[in-house]
Amino acid sequence: MGLTASSNFPWTETQKSEEEKSNEAALNWQKCSSLIIKKASDLRETRFSSDVAQRLDTDEDMGYCEKYRLNTQQRQFSVNKELNCRIYLMHGDITTYPVTYIVNAARPSLLGGGGIDKAIHKKSGEDLKKCCKQMYSQGCRHGDCKVTPSFGDLKSICQYVIHCVGPNRDLHKEEEAEILLKRCYLQCLKTAFENVTNTSANANRVSISLPCISTGAYRFPNRKACHIALHSIRDWLDDIFQRKLQQKDTTSSPSVFDKIDKIVLVCFLPLDFLHYGELLPFYFPVH
């Protein structure tokens, strides 16, 4: 089923009203789940036509859930407030919300592109491009990521940039693209929370903002991308949460889970906020 927007949706909108700017805040899923669901419902009613996939009752949703053996009739994932309180959802510009790590949906060259990639390089200045050239002259493969410090105006927002290259539907078939996209999210999470050593971020709680990877120029279907993002994040959080419980009896050192402050899902398009708002209750139930 294709994803279409009503004719009055401003896909090429560049100017934002003061009201829209004031609404650009990261909402905690545990505390604000009702508000997020309402915002998604309002978006569906006012901006999108009825043939946009909704809830978990469409061919697209059922196909994904059947493929990965997710039961849509019964509760698939348990309620875990420890996980829920670390998930945030934001509709707006990823370069405006302070975190430890910003994930850039980059091109293989790591030298800038369009969309989020362009915004991050613009805010960082030429120093980011120079750093990428020096540190990663061979660029980055699809499904992988590289880390650089932040530069320019971006330094006031984050300490590091994780440059992640998602799958390209012109290069990768559906099955391979799904595997690569899942790898993207897992690599970003592991880089931020598991693989950091000897840095100032390692001693404190860490936060990360994740964009919708590959849904722009690389044409990965938006709703399926949200499924993969949420499914990957939930599986990873479940794993490290269990490791925390096992570690509690053997060591007093902070666990990887304890290091997580926020995982912020940032949606530039209202369409993606709609999908996240409808799919979050399945992967991260609150009640």
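A few points about this structure:
- Residue in the range 232-242 that is among the polar types (S, T, N, Q) and modelled with pLDDT under 95 present: yes
- Figure legend. Inter-residue proximity from the range 219-235: first residues free of Cβ contacts under 8 Å to residues at least 12 places away in the same chain, second residues of a type in the set (Phe, Trp, Tyr) and surrounded by 22 or more Cβ atoms within 10 Å (Cβ to Cβ), beta-carbon distance below 6 Å, spacing 6+ or different chains. No pairs are indicated.
- Residue in the range 110-138 that is surrounded by the most Cβ atoms within 10 Å (Cβ to Cβ), counting only those that are in contact with a helix residue (DSSP H, G or I) (Cβ under 7 Å, 6 or more places away or on another chain) and not in a helix (DSSP H, G or I): 110
- The range 100-109, subset touching a residue at least 40 places away in the same chain (Cβ under 8 Å) and over 15 Å from the mean Cα position of the chain (by Cα), residue surrounded by the most Cβ atoms within 10 Å (Cβ to Cβ): 107
- Residue 83 being within 29 Å of residue 280 (Cα to Cα) and not in a loop (DSSP other than H, G, I, E, B): yes
- Some residue of the range 246-253 being assigned to a helix (DSSP H, G or I) and out of contact with any Leu (no Cβ under 6 Å at 6 or more places or on another chain): yes
- Residue in the range 142-165 that is farther than 19 Å from residue 216 by Cα, in contact with a Leu (Cβ under 6 Å, 6 or more places away or on another chain) and not β-branched (Val, Ile, Thr) present: yes
- Every listed requirement among (1) modelled with pLDDT of 90 or more; (2) over 21 Å from residue 176 (Cα atoms); (3) among the charged types (D, E, K, R) is met by residue 141 save one, (2).
- All positions within the range 88-99 that are on the phi < 0 side of the Ramachandran plot and buried (at least 18 other Cβ atoms within 10 Å of the Cβ): 88, 89, 90, 91, 94, 95, 97, 99
- Any hit, the range 159-170, residues being β-branched (Val, Ile, Thr) and free of Cβ contacts under 8 Å to residues at least 40 places away in the same chain: no
The values are calculated or read from the model by the stated rules, or taken from the named source; none is laboratory data. Because the structure is predicted, anything quoted here is derived from the model rather than measured. So basically every Cβ, Gly included, is an ideal-geometry build from the backbone, and we count neighbours across all protein chains shown.
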